[in-house]
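Take a look at the structure below.
Every read-out reported here was derived from the displayed coordinates using simple, explicitly stated rules and does not represent laboratory data. Computed from a predicted model, the values in this text were never measured in an experiment. Because the Cβ atoms are built from the backbone with ideal geometry, glycine has one as well, and the counts that use them run over all protein chains shown.
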Amino acid sequence: MRVVVQRVSEASVTIGGRVRDRIGPGLLVLAGFETTDGPEDLDWMTGKLVRLRIFGDEKGLMNRSVVEVGGEIMVISQFTLHASTKKGNRPSFIQAARPEVAIPLYEAFLERLEEALGRRVARGEFGADMKVGLVNDGPVTIIIDSKRRE
């Protein structure tokens, strides 16, 4: 499982010209699932995200988590995070999980995050053509891969 995490002042996702969901200050998480992902990847990533200390404390240091600052989370599915560009100019997505595997992983990930956060997590729609708007705060952008935990 691979995610791109952005600390945002606000974010929204629009589908078919209508705003589907939006958040204020918090984390925008672009999440890609691969064929070998399982429950342990979801659990590890959930813990990592809710404890990730990238929000400022009273001294302005990145020392607080999204939970500590009462921030929100939005998760957008993005299979392109598993693109391989090793050969040619057209990316290969062979590592990305097919929808029959990825959709249950995505839904389980949302449930785990909601449980850990203690409230609803905003989301896009799996497989939809989405327009994601955001104001990156910092900017702070971090890539996390559950297969590279060391």
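Okay, here's what the table says:
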quantity	calculated
Radius, Kirkwood style, for the chain when every pair of distinct Cα atoms is counted (Å)	15.8 Å
Centre separation in Å (Cα based) which lies between region 88-150 and region 31-68	12 Å
Relative contact order for region 2-145, counting Cα pairs under 8 Å that sit 6 or more residues apart, in percent	38 percent
Gained length - ILE103 relative to SER84, 0.36 nm times residue gap less alpha-carbon distance	4.7 nm
Furthest towards positive pole of dipole, VAL13, THR85, ILE103, structure part the chain, Cβ charges	THR85
Cα point-scatterer Debye curve for region 71-150, base-10 log of I(q)/I(0) at q = 0.21, 0.22, 0.23, 0.24 Å⁻¹	-1.31, -1.37, -1.40, -1.42
In region 18-77, the trypsin sites (Lys or Arg not before Pro) that fall in loop regions by DSSP, at most 16 other Cβ within 10 Å	ARG53, LYS59
Contour minus Cα-Cα distance for ARG53 and ASP145 (0.36 nm per residue)	31.4 nm
Sparsely packed chymotrypsin sites (Phe, Trp or Tyr not before Pro) within region 4-111, loop by DSSP, other Cβ within 10 Å at most 16	PHE93
Degrees between helix 99-117 axis and first principal axis of the chain (Cα, 0 to 90, nearest 10)	10 degrees
Cα-centre dipole for region 2-145 with unit charges at Cβ (Lys and Arg positive, Asp and Glu negative), debye to 20	500 debye
Cβ charges +1 (Lys, Arg) and -1 (Asp, Glu), total dipole of region 57-133, debye	500 debye
Rounded to whole Hz, the Karplus (6.51, -1.76, 1.60) HN-Hα couplings of region 16-25, x for glycine and proline	x, x, 10, 5, 7, 7, 7, 9, x, x
